[in-house]
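> Encoded as structure tokens, here's the structure I'll be asking about.
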Amino acid sequence: MPRPIVHRTASVFGTLRNRELRAFWLSDWVSDAGSFVTFIALAVYVNQLTGSPAAVGLALALRSVPWFTLGPFAGVLADRLDRRSVMVVSNLARAVLVALLPLTRTVWLIYVIALASGCFAPLFRSARSALLPLVAPRRQLVPALAVIETTHQVLHTVGPAFGGLVVLLVGARWAFFVDSASFVGATLFLVAIPARGRPEGERRPVRSELSDGVRRLFATPPARAWALLEVPLALGGAGVIALLVPYVRHQLGRPGGEYGLVLAVAGLGTVLSSLVIAGRDERHSRTPWAVASVLSLAAFVAVLGNPSFLLLMPIAFVSGLGEAGIGIPMSATLAETLPDDLRGRAYSVVNSMTELAAAVGSIGFAWLGEPQHLGVAPAMALASAVGATLGVVILLLGGAAIIRRREQERLAALEQARSERAETELDSEIRHTH
């Protein structure tokens, strides 16, 4: 008899009894909390210095540039080097660079430092994504992915609120030191995880390995479908986020730090849906979450009605509900369908595509948000509508069918495994009885 969803969700979190996975999880918590501080502080700081929505969009977009320029090559390195060491070096380098941000009030120099710090992000995330399936025991891979992704999304609730609070208390300029310290703290947890050494596999020229990674990712239909679906959601979502600061500060007349509160409410929706996914994944299809992720992005079309700050909260909450619908299922599907020696490249390719879309969304929709163009609210609604519409197109053009077939196969395999375990347990009981 299936266990209630609450019990299944609690058992998913039981994977944290694994010491290495727990260290991995704590490192994520510390690093993510600090990253939200810089994310909010950077937007507010640049807005304070320039007063321009386009300048904020550019600052956020520059953090994405390394993903689609260096990102694919970072994946090759993650498949060649010890992944824990890659993560440690990346963290320490970013700690130094972020600590330089409050030392300047020159906007172009802020852009350069943000770009330099961002260069280590694709290297870190590719190594992180490839290391996680090695840290988690094989049978606990999907629950471990769900735990990591779910608890990461908790930061979408407490992280923005924490970041906004730090900015409100000490100011955007000095809040960057908090993120710098968080990178150091996260590294202390990472060194508790034993090194796994370099991944096995044939070493070929970088270009050959990269092209092979791209080819095998897109030759795997379920991984391809989820990866392509995330692109328009990143495009529209980045446009919305880039315009939230000027919307909160200029259109609603609220302090810049309250931008973090809006993101926190969106994160609450993400956390709730993440917990539901984690509790249902073993017995239910992920297909509805693909649809939910698209529809939830459309919630920000409602800003055309010029909602107050209070009414903006439920809009953000609905939008957040669908974010986990793309993150957790995609991460799990890539880990399930791709071999270890390919994962670094596969994750880097997916990250590159989504970050390129995010950069285009941040710059393009922020430019449209300037007063001489559409204005903030219409541009935000357009970003929401464009991302959701393109997502629907991908689902209708075969994405939904591919995901549905994969889920039918996955659930059938899980049901067979449960039946075999039940038979084994029954035979064991019979032998003990006799």
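The values are calculated or read from the model by the stated rules, or taken from the named source; none is laboratory data. It should be emphasised that the depicted structure is a prediction, and the values quoted were computed from it without experimental measurement. Note that we place each Cβ from the backbone using ideal geometry, even for glycine, and neighbour counts take in every protein chain shown. Note: accessible area is taken over every heavy atom of the protein model, side chains too, but ligands, DNA and RNA are not part of it. Shrake-Rupley method; radii C 1.70, N 1.55, O 1.52, S 1.80 Å.
> Please report, largest first and rounded to whole Å, the three semi-axes of the ellipsoid equivalent to segment 22-133, where each semi-axis is the square root of five times an eigenvalue of the C-alpha gyration tensor. Before the final figure, lay out each step's value.
Values: eigenvalues 146, 46, 26 Å².
The three semi-axes for segment 22-133 are 27, 15, 11 Å.
> Still on this structure: Taking all pairs of distinct Cα atoms, average 1/r, flip it, and tell me the Kirkwood hydrodynamic radius of the chain in Å to one decimal place. Intermediate values should be presented prior to the final figure.
Numbers: mean 1/r = 0.0452 Å⁻¹.
After inverting the pairwise mean of 1/r, the radius is 22.1 Å.
> Okay, next question. For segment 220-357, which whole-number percentage of the solvent-accessible area (1.4 Å probe, protein heavy atoms only) is attributable to carbon and sulfur atoms?
Numbers: 2830 of 4130 Å².
Accessible surface attributable to carbon and sulfur in segment 220-357 totals 68 percent.
> Here's something else I'd like to know. Using a Gaussian network model of the chain with C-alpha springs under 10 Å, which one of Asp32, Asp340, Asp212 is most mobile by mean-square fluctuation?
Greatest mean-square fluctuation among the candidates belongs to Asp212.
> For segment 19-86, which whole-number percentage of the solvent-accessible area (1.4 Å probe, protein heavy atoms only) is attributable to carbon and sulfur atoms? Display every interim value, and only then the final one.
Working: 1330 of 2030 Å².
Carbon-and-sulfur percentage of accessible area, whole number: 66.
> Convert each backbone phi in segment 303-318 into a coupling constant with the Karplus relation 6.51 cos²θ - 1.76 cosθ + 1.60 (shift: θ = phi - 60°), then list the ³J(HN,Hα) values in order as whole Hz, x for Gly and Pro.
Values per residue, Gly and Pro as x: 5, 4, x, 6, x, 6, 4, 5, 6, 5, 4, x, 5, 5, 4, 4 Hz.
> Moving on to the next point. How much accessible surface area, in Å² rounded to 10, belongs to the heavy atoms of Thr151 with a 1.4 Å probe?
Thr151 exposes around 10 Å² with every protein chain in place.
> Tabulate in residue order the Karplus-calculated ³J(HN,Hα) for segment 182-195, using 6.51 cos²θ - 1.76 cosθ + 1.60 with θ = phi - 60°, rounded to whole Hz; enter x for Gly and Pro.
Using θ = phi - 60°, the values come out as 5, 5, 5, x, 4, 5, 4, 6, 4, 5, 7, 8, x, 5 Hz.
> Given springs between every Cα pair under 10 Å in a Gaussian network model of the chain, which of Met313, Met380, Met87 has the largest fluctuation?
It is Met313.
> Compute the accessible area per residue over the chain, keeping the other protein chains in place, probe 1.4 Å, unit Å².
Values: 17910 Å² over 434 residues.
Value for the chain: 41 Å² per residue.
> State, as an integer percentage, the relative contact order of segment 211-310 based on alpha-carbon contacts under 8 Å between residues 6 or more apart. Walk me through the intermediate numbers first.
Details: 22 pairs, mean separation 29.7, N = 100.
This gives 30 percent for segment 211-310.
> Show me, for segment 408-419, the HN-Hα J-couplings you get by feeding each phi into the Karplus relation (A = 6.51, B = -1.76, C = 1.60, θ = phi - 60°), rounded to Hz, glycine and proline as x.
4, 5, 4, 5, 5, 5, 5, 5, 5, 5, 5, 5
> Percent relative contact order of segment 288-426, based on C-alpha pairs within less than 8 angstrom and at least six residues apart? Please report the intermediate quantities before stating the final value.
Numbers: 93 pairs, mean separation 44.3, N = 139.
It rounds to 32 percent for segment 288-426.
> Please give the charge dipole size of the chain, origin at the Cα centre, charges +1 on K and R Cβ atoms and -1 on D and E Cβ atoms. Round to the nearest 20 debye. Mind showing how you got there, number by number?
Details: 38 positive and 29 negative charges, 86 e Å.
Computed about the Cα centre, the dipole is about 420 debye.
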